[in-house]
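The structure appears right after this line, and notes come after that.
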Amino acid sequence: MNIKSFVAIPIVSVLCLGLWAGCSSPKPKSPVAQAQSPIPPQAQPQPPPSPLLKTNRLVIHADQPGAEISRNIYGQFSEHLGHCIYGGIWVGEDSPIPNTRGIRNDVVAALKKIQVPVLRWPGGCFADEYHWMDGIGTPTNRPSMINTHWGGVTENNHFGTHEFLDFCDQIGAAPYICGNVGSGTVQEMMDWVEYMTSDADSPMANLRRQNGREQPWKLPYFAVGNESWGCGGNMTAEFYADNFSRYNTFVKNHPGNNIYRVASGGLESDYHWTEVLMKQNVDRLKHGGQAMNGYSLHYYTLPTGNWSHKGSATDFNEAEWFNMFQHALVMDGLVTKHSAIMDKYDPQKKIGLIVDEWGAWYDVEPGSNPGFLYQQNTLRDALVAGVTLNIFNNHADRVKMANIAQMINVLQAMILTDNEKMTVTPSYWVFEMDTVHHDATLLPMDLQSVDYAFGDKKIPAVSASASRDQAGKIHVTLCNLNPNQSIEVPCELQGAKAGKISGRVLTAPEMNAHNTFDRPDHVKPAEFNTFKVTDDGFITTLPAKSVVVLEVD
Ligand code: AHR
C-alpha cells in the first residue's frame, strides 16, 4: 500500500521488563537492549513536511490478488494477569456465575461471535516463571506461587493446562502456548509438549490420562520463551539464539502433531536481534537442525509515549487522540523493517512475523490495582484496532499471526467483567466486523489519503485494507481518524465491478465513547449506507472517527 502522506512519527519505546508491577513507573531498559537498540527514529534526520493533501484516492487492485490474510491475525492473548484468567474466564464450577466446567458461559458466547482463531497463554512475562506441572491434577492439591510480575498476588494454579485447552475448545480457538525458557528447564518444556500431544504409552502421556484426558490434544503453535531480551531472562540476541536452538530441539513433534515454533523477538525496533535470529536459523537449517517457523514482534501504543504517565483511557483531549494514532501507525514501519531483514534470509517468506503482543496501554483505571493493568476501552481504541489490523492485512505475506493484548479485563480488552456483569468493548466490535477478512485473499491497494493535521503535525486521515472472500465478495475496512470531519473516499475498483454494496459502521458522538456494565450497547455497529456505485467503483463518505466495513458484491 502506498500512503503518500508524509508521517513524522516518534517511536514509542516499549520497555516492559519483568520484576516490575504493572508499568506504573518507567521501566528501565535492560542494559542488553540498550546496547543493541538502533538509533531511535526521532534522532534521525526527518524530511521536511509535505503540503497538506486535499483529496483522497483509493485504487483497489482486485485483478492482482495478494497473499491469504491468515485468520490468525485476529488472534488474542490471555495472561495470568489481573482478572484476565481469574474472574474473566475462570470462575470455578461452584460459582453462581453460569459456567461450563468452571469457564464463564457469557464470555464464551461473546467470544464465539468474533471467531477467535488462536489464543496465546499463559503469558507474557508470566510464562517465563510458569511451571506447568503446578497446574495439573486435583485443583486443591496444586501448589501456589507468587505472580511477581503482576501485583505480587498468589496464583493458586486452578487454571492450568487442562482448563486452558478446554477453554480453547469451548470458543473454537487454536491454542498457542508460550514455554518457559527464562526459569524453566529444557526437560520441563519437553515434558509439557509430551504431556499435551503424545499418544504413546509414555510417562507424560500416562500422567495426562491419570488426570482425566485420554486423547492427546492438538498443539499447533508453541513459543520458545517470551521477551527474552527483558522479563524472559535479559538475554543478548546471541545468547537467546543459542537457547532457542537448544530448547527448540526438544520440542518434539509427536505423531499426529506438528508444531509451529515461534522465537522471541527483541525490543520492538531491535533490528540486530532480528538479524541474529534469522541468520542463525539459516545456519541451523544447513546443519539439519530444528528451525523456527515464526518470529515474534511486540509493540504497544501509548498516547503520551511516556511509561510514567501513559495517559488516561477515557479522559483525554484531541492532542492525546492524535498522538495515539501517530504512535499506532508506527506499527507499519516496524513490520516493514523487520520484514525487510527477514526477506534477506528468507526470501520465500516461509517464516511468519508473529505480532503476538500489541495494543493500547494506558494508566490503570483510578482505584484499580496498578499491577492488574485494567483500563477502559473507547472508540479511540476501536480505531487503534482498525488501523492496526489494516496494517497487518496489508502485510499478509509476512504477518502470519497477531495477538491483541489482552482478551479480557487487561489492556486493550475485548471484554470487561465485574463479578457476574459483563460488557463487550468497542475494540471487540472491530474484531467482529473484520471477521470477513479471515482467510480471505488480500487485494493490494494504493491509497492517497488527506491529512489529519493537529498543531504542526499531521498523519494520513484514512487507513484501509481490502480482501476477497471465498464466495467472491470484496470487503473493505476503512478508518477515518479525523474526529471532527467526515471524509469522502472515491474508490476505483480495478478488475472488478461494484454491483450491490452494503456496509456497517462503528462510531459515536464522543471521542471517548465506551460501554459500561449499565450501558453495554452504547458503542456498537450500525448499518451504513453512505456510499454510491460509480462507473469505476464506488464512492463513500466516512463519518468522523469511524470504522466502516463495506461489502461489495
Ligand atoms: O501484556 C503485558 C506484558 O507486556 C506481557 O506480560 C509482556 O510480555 C509485555 O511486556
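Taking a ≥ b ≥ c as the square roots of the eigenvalues of the Cα gyration tensor of segment 122-174, is the shape rounded (a/c under 1.5), prolate (a/b larger than b/c) or oblate? Write down the numbers at each step before the final one.
Working: a/c = 2.31, a/b = 1.34, b/c = 1.72.
Because a/c hits 1.5 or more and a/b fails to exceed b/c, segment 122-174 counts as oblate.
Assuming a ≥ b ≥ c are the square roots of the Cα gyration tensor eigenvalues, decide whether segment 309-445 counts as rounded (a/c under 1.5), prolate (otherwise, with a/b larger than b/c) or oblate.
The shape class here is prolate.
Which listed residue (PRO98, GLY537, GLY311) has the Cα farthest towards the positive end of the charge dipole for the chain, taking +1 on Lys and Arg C-beta and -1 on Asp and Glu C-beta about the Cα centre?
Going by the Cα projections, it comes out as GLY537.
Among the listed pairs LYS421/LYS473; LYS349/LYS532; LYS112/LYS473, give every one whose C-alpha distance is greater than 28 Å.
LYS421/LYS473; LYS349/LYS532
Report for the chain the percent antiparallel among DSSP-assigned beta bridges with both residues inside it, nearest 5.
60 percent
Does segment 216-305 come out rounded, prolate or oblate by the C-alpha gyration tensor, with a ≥ b ≥ c the root eigenvalues, rounded set by a/c under 1.5 and, if not, prolate when a/b is larger than b/c and oblate if not?
oblate
Using a cut-off of under 18 Å, list every residue of segment 55-98 whose amide N is near the label point 7 Å from the Cα of ILE146 along the Cα-to-beta-carbon line.
81-82
Is it possible to state the helix-based mean residue ellipticity at 222 nm for the chain, with each DSSP H run of 4+ residues giving -39500 (n - 2.57), the sum divided by total residues, to the nearest 500 deg cm²/dmol? What is it? Kindly include the intermediate steps, with their values, before the conclusion.
Numbers: 11 runs with 126 residues, N = 553.
Helix contribution divided over all residues of the chain: -7000 deg cm²/dmol.
Among 478-484, 74-80, how do they line up from the highest to the lowest mean number of other beta-carbon atoms within 10 Å?
In decreasing order of mean packing, 478-484, 74-80 become 74-80, 478-484.
For segment 119-223, give the share of DSSP beta bridges that are antiparallel, in percent and rounded to the nearest 5; count only bridges with both residues there. Intermediate results must be reported in sequence, preceding the final value.
Values: 3 of 9 bridges.
Roughly 35 percent of the DSSP beta bridges within segment 119-223 come out antiparallel.
Once phi is turned into ³J(HN,Hα) by the Karplus curve 6.51 cos²θ - 1.76 cosθ + 1.60 with θ = phi - 60°, what whole-Hz value does each residue of segment 511-521 show in order, with x for glycine and proline?
Values per residue, Gly and Pro as x: 4, 9, 4, 8, 9, 10, 5, 7, 9, x, 10 Hz.
Express in whole angstrom the spacing between the alpha-carbon centres of segment 422-462 and segment 534-553.
Measuring centre to centre over Cα atoms gives 12 Å.
Are there DSSP H segments in the chain that both extend 20 Å or more along their axis (alpha-carbon positions) and score a mean Kyte-Doolittle hydropathy of at least -0.5? List them, or say none.
330-345, 379-394
Please list 3J(HN,Hα) in residue order for segment 533-542, calculated via the Karplus relation 6.51 cos²θ - 1.76 cosθ + 1.60 where θ = phi - 60°; whole Hz, with x for glycine and proline.
3J(HN,Hα) across segment 533-542, in whole Hz: 6, 10, 4, 10, x, 7, 10, 9, 10, 7.
Sequence neighbours fewer than 8 away in the same chain don't count; with that in mind, list the aspartates and glutamates whose C-alpha is under 12 Å from LYS344.
The qualifying aspartates and glutamates are GLU275.
Using only the Cα atoms of the chain, what are the Rg and Dmax in Å?
Rg and Dmax of the chain, Cα atoms, are 22.7, 70 Å.
Work out the length of the dipole vector of the chain about its Cα centre, built from +1 on the beta-carbon of each Lys and Arg and -1 on the beta-carbon of each Asp and Glu, and round it to the nearest 20 debye.
Its charge dipole is roughly 820 debye.
Lysines within cross-link reach of LYS113: Cα-Cα under 18 Å, excluding same-chain residues under 8 positions apart?
LYS524
Using the crude model of +1 on Lys and Arg Cβ and -1 on Asp and Glu Cβ, and no other charge, please compute the dipole size for segment 133-234 relative to its Cα centre, in debye to 20.
60 debye
Apply 1/(1 + (r/R0)^6) to the Cβ-Cβ distance of ASP134 and ASP535, taking R0 = 60 Å, and write down the FRET efficiency to the nearest 0.05.
So, using R0 = 60 Å, E works out to roughly 0.35.
Using the crude model of +1 on Lys and Arg Cβ and -1 on Asp and Glu Cβ, and no other charge, please compute the dipole size for segment 98-168 relative to its Cα centre, in debye to 20.
Around 340 debye, computed over segment 98-168.
Between THR249 and VAL186, what is 0.36 nm times their sequence separation minus the Cα-Cα distance? Round to one decimal in nm.
Between THR249 and VAL186, full extension yields 21.8 nm more.
Going toward the positive end of the dipole of segment 214-357, with +1 on Lys and Arg Cβ and -1 on Asp and Glu Cβ, which of PRO220, TYR300, GLY265 do you reach last?
Farthest towards the positive pole: PRO220.
Bear in mind that the values in this text are calculations on the coordinates, not laboratory data. Computed from a prediction, not measured in an experiment: that's the story for all the values here. Please note: Cβ atoms are built from the backbone with ideal geometry, for glycine as well, and neighbour counts cover all protein chains shown.
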